[in-house]
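This report refers to the structure that appears directly beneath it.
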Amino acid sequence: YSRHGRILPLYHGPVVSIRIGSTGQDEFKVSKDLLCKQSPYFAATFEGSFKEGGDQSTTMEEVDGVVTTRSFQMLTQWLYKGRIVFGDLSSLETITAILEFVRLADMCGISGVESPMAAHITRLILVGDFDRALQHSDSEPWCFQVQHVTSAAALPKGHLVRSTLAAAAVKAYFHFQDRRFVDKAEEFPDFAVDVLVAMKATFNSFALHKRS
């Protein structure tokens, strides 16, 4: 990614320009073949009969929590390298960035991101002892926040990142008596079903533990 539109160096052939936001100040130049091969959304844009197909450029309007400069930067990383580098983002910012990225990838029809991103979230919020995290000071918030439930609920049913966040909500409820996440989930009936499924799995694990 380059704010000044430099071409990413790993793929040869014609490139297309993607501008983010109405001002178009953030511009990405991406291999057309690579982008259209991975994304039905962009294949329709640049290989279809739309105006953008002739211009080889398009502008994506910013959508909070989905289409942002950061999420498209992550998308280009994924297309070119098959991985995401989070750099010096905090754990909380990383969860937010992952949710932006997977929602953009879902919008663009790009597959393969669910499992590695769900695994990264699991390492951040489902593994380890969270007693200290949930008794945090205001300067050290737990990386899983209520607003993440809203973003997860916007993902399609069955999405691994969505089910991972549902499991995190249940863990907070059972292990730490923190029901904020479950309460928030109830605002989204479809996501509340995911939470119920995660609760059932938790009950079953408790039952197995008692029998053993």
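Here, each number is a calculation from the coordinates, and none is a lab measurement. Since we're looking at a predicted model, the values are computed, not measured. All Cβ positions, even for glycine, are placed from backbone atoms using ideal geometry, and neighbour counts span all protein chains on display.
For the pair L89 and K37, the difference between a 0.36 nm per residue extended length and the Cα-Cα distance amounts to 15.7 nm. Sort out for me the Cα centre separation of region 81-110 from region 144-189, rounded to whole Å. Each part reduced to its Cα centre gives a spacing of 18 Å. The residues neighbouring I110, those whose beta-carbon lies less than 12 Å from its own, together hold a net charge of 0 under the Lys/Arg +1, Asp/Glu -1 convention. Ranked by the mean number of other Cβ atoms within 10 Å of their residues, highest first, the peptides 81-87, 196-202, 146-152 fall in the order 146-152, 196-202, 81-87. Between A44 and R180, the modelled label-to-label distance comes to 3.8 nm, taking each label 7 Å out from Cα in the direction of the beta carbon. Under the simplified labelling scheme, the V146-Q25 pair shows an inter-label distance of 3.2 nm, with each label point 7 Å from Cα along Cα→Cβ.
Computed extension gain for V197 through T59, at 0.36 nm per residue and net of the alpha carbon distance, reaches 45.7 nm.
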